[in-house]
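Below is one structure, written out as structure tokens; comments come after it.
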């Protein structure tokens, strides 16, 4: 009896530690990216994304091939181009749009918009695949959409370009999730194997446009930056932490229940919003804060409904999986997990 009690206590402690370290990596990556764009004046989201992909590719290789902390999931060479490459392309767009939005709008606003992902996932599956959803799923989307509208209308630092980038980032995240269910059918990837296969493709896709569109600006920044070494440490440090975030995702998924994971994900958004306000002091009106709160409550309600439906009989239509439960690549991911970056 005593052993069972200790085991239960350790399970609770492990879950709390998993959530705290996930929050820590996620919030730190978001804050560092915003700091890079705003304080270091390194306004090159394509280059930042490319650095993240390079660091993640190296990190995944070390974890799987060198340290052997995770077994490699073998993939047919043909499937790498036929299945993983299209996923990597959408993944790349998702990360770039997240970083672009961070350059133009506050973290609080960007994180709230990213909470729109469950709604875009449901809309896309209903519109394109004509997938049936329970009425409770549609009802759970009402506070999410309403909260987003209220937050957008009352945002004091509103920027249309940043808003559109974050919104299309939600669509890219949803598309990535839907493609994952079809293109990666038969492969049970964890977050580290996902990064191992996708990060090199994403680097290859992004390197050329980053060089052509931002190369001259980066060179000029090198010559004008007053504290080059410390700035580079921060920029590459964000890439290392982005990979650590992906590694922490695997740990937190296996240490918590689905409901705990959903609630913790939404509380993480609140933590990120609070930390960003304390650091950057971007103005937030009372109505804006209320809109953000409504959105987070809606996301929690959506996750609860999805979980309850999944517990019902096999004859009951199931709610779709959101990025939070499948193929989460955060920081790189923004994804609810991801949201990244």
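FYI, it's all coordinate maths here, none of it is from the lab. Everything numeric here is computed off the predicted structure, so don't read it as measured data.
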Please say if segment 87-141 is rounded, prolate or oblate, where rounded means a/c under 1.5 for a ≥ b ≥ c the square roots of the C-alpha gyration tensor eigenvalues, and otherwise the choice is prolate for a/b larger than b/c and oblate otherwise? oblate
Let me know the volume per residue of the alpha-carbon convex hull for segment 29-101, in Å³. 101 Å³
Once you sort the root eigenvalues of the Cα gyration tensor of segment 186-315 as a ≥ b ≥ c, which label holds: rounded (a/c under 1.5), prolate (a/b larger than b/c) or oblate (the other case)? oblate
Once the Cα gyration tensor of segment 18-65 is diagonalised, semi-axes √(5λ) in Å: 22, 18, 6
Once residue 260 and residue 208 are pulled to full extension, the length gained, defined as 0.36 nm per residue separation minus their Cα-Cα distance, is 14.6 nm
From the square roots a ≥ b ≥ c of the eigenvalues of the alpha-carbon gyration tensor of segment 18-310, which class results: rounded (a/c under 1.5), prolate (a/b over b/c), or oblate? oblate
Comparing 210, 172, 60 in a Gaussian network model of the chain (Cα, 10 Å), the one with the largest mean-square fluctuation is 210
Anyone know which of 72, 278, 141 comes out most mobile in the 10 Å Cα GNM of the chain? 278
Subtracting the Cα-Cα distance of residue 270 and residue 131 from 0.36 nm times their residue separation yields 46.9 nm
